[in-house]
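Just below is one structure, and these are the notes that go with it.
The values are calculated or read from the model by the stated rules, or taken from the named source; none is laboratory data. Small disclaimer: the values here were computed from a predicted structure and weren't measured. Neighbour counts are summed over all protein chains in view; Cβ atoms, including those assigned to glycine, are modelled from backbone coordinates with ideal geometry.
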Amino acid sequence: MKNLKPYKMTTALLLSVTFGSTLTIPLTSALINPAPVVAQNTQFSDVSSNYWARDFISALVNRGVIAGFPDGTFQPDAPVTRAQFAAMVQKALPKERMRTNIPFNDVASNYWASGAINNAYEMGFLSGYPGQIFRPEQNIPREQVLVSLANGLNYTPANSVDSVVGYFNDSSGISNFARSPVAAATEKRIVVNYPNTRLLNPTRNATRAEVAALIYQALVSQGQVASINSPYVVSQLPIATNTRIVSGTQIPVSYQADKILLTRDETVPITLTIAEDMVSSNGSVLIPRNSTITGELRPTENGTRFVAQELQLLNGRTYTVNASSEVITETETVNRGTDTGNLLKNAAIGTAAAAAISGVTGDRRITTGELLLGAGAGVLATLIPQFLGRNSVDLLVIKPETNLNITMNSDLVLN
């Protein structure tokens, strides 16, 4: 135990609390008096409010399937071992046993996850390697997670395997044993790919965040939970052709920052992402999620609005688009004593806004960590002097989730 990495030791402790008496962990001094476990807290210090997998993680924590660490973190990018995945999947998706347990030569009876491994094997979620080997401490690749979920839930592809997995740009990297289960999981909308839905990364080790998302989608496929609106769930609805999107249609979009700060008179280019599939009445996709709309925020009517210029679909095809958001007039006052750390948390800032904040607060470091929009850091020095000596400045605040849904101003024909 002394040679275990800290996160592995902590994970073993958390799983004993989460999964009950079927998991046995050898007691050591580190475990007899453990730090409090953050078992039901969904506010993790390393999972921001706009983190791509936050809703998946929170949902599984609330269901007792996975937990955080005693220091208040979740470690979303940490890899998951086969033993850890066994503990998660048998807890999340309990089902009748389909086969008799076999003893694995590398899983001792007192190993912390022996009970979970037995359960996952008997339910059909996981199998061993030749020679009755399980490799419990081996990190589990993404394709193995999908194979486990598809096989354990008895999913088989309804369409051509090559056609389905051909959606992924890296489909050639999927192992032969995994192609059919991955196709089945894709059809069942279990696959979640961040940040690009077209990249499966089949042989890369799955992270804790990814496993949470994939298990949650498996629960969705079983009708046990409501679906989460995420642009990273792979959807293979048929794409509509020769379609007209009429004027007045609203397009839901997302952006990488929680808020955008601008001065009233600056124009900045930005690219928005289509947040969800736009689907026709017959079930065909008009605009696939993760397509992008480029345009700019322009000053208008004592505020700003997003004016769209180009739509780019996932296949690379582009269209000139006439669409815009409502006028945004909400402001936030920046005073001389404003805490720039809180002001700029998860924010994107226009170059002029950055100069205004720097000039008023005296903070010259604000461009080092934030997303700077517009002319770039090179012109900041020339803009800051006009704000020096001011006690305050009012900046426009754009909240993408609520302010930037855009409306078509004229029909758009997609060929």
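Structure data summary
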item: Residue within segment 125-133 that is in the same structural domain as Val89 (by TED's automatic domain parsing), of a type in the set (A, V, I, L, M, F, W, C) and touching a Ser or Thr at 6+ places or on another chain (Cβ under 7 Å) present; result: yes
item: Boolean, Thr203 is of a type in the set (Ser, Thr, Tyr) and more than 23 Å from the chain's Cα centre (by Cα); result: no
item: Thr100 vs. criteria among the β-branched types (Val, Ile, Thr), modelled with pLDDT of 90 or more, surrounded by fewer than 18 Cβ atoms within 10 Å (Cβ to Cβ) and over 19 Å from Asn139 (Cβ atoms); result: yes
item: Filter result (in a loop (DSSP other than H, G, I, E, B) and in contact with a Lys or Arg (Cβ under 7 Å, 6 or more places away or on another chain)) within segment 105-125; result: Asp106, Gly124
item: Residue satisfying all of: in segment 173-229; outside any loop (DSSP other than H, G, I, E, B), modelled with pLDDT of 95 or more and hydroxyl-bearing (Ser, Thr, Tyr); surrounded by the most Cβ atoms within 10 Å (Cβ to Cβ) among these; result: Tyr216
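Conditions tested, residue by residue: (1) in a strand (DSSP E or B); (2) in the same structural domain as Glu330 (by TED's automatic domain parsing); (3) modelled with pLDDT under 85; (4) polar (S, T, N, Q).
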| site | (1), (2), (3), (4) |
| --- | --- |
| Ala375 | no, yes, yes, no |
| Gly378 | no, yes, yes, no |
| Leu383 | no, yes, yes, no |
| Gln386 | no, yes, yes, yes |
| Gly389 | no, yes, yes, no |
| Val393 | yes, yes, no, no |
| Leu396 | yes, yes, no, no |
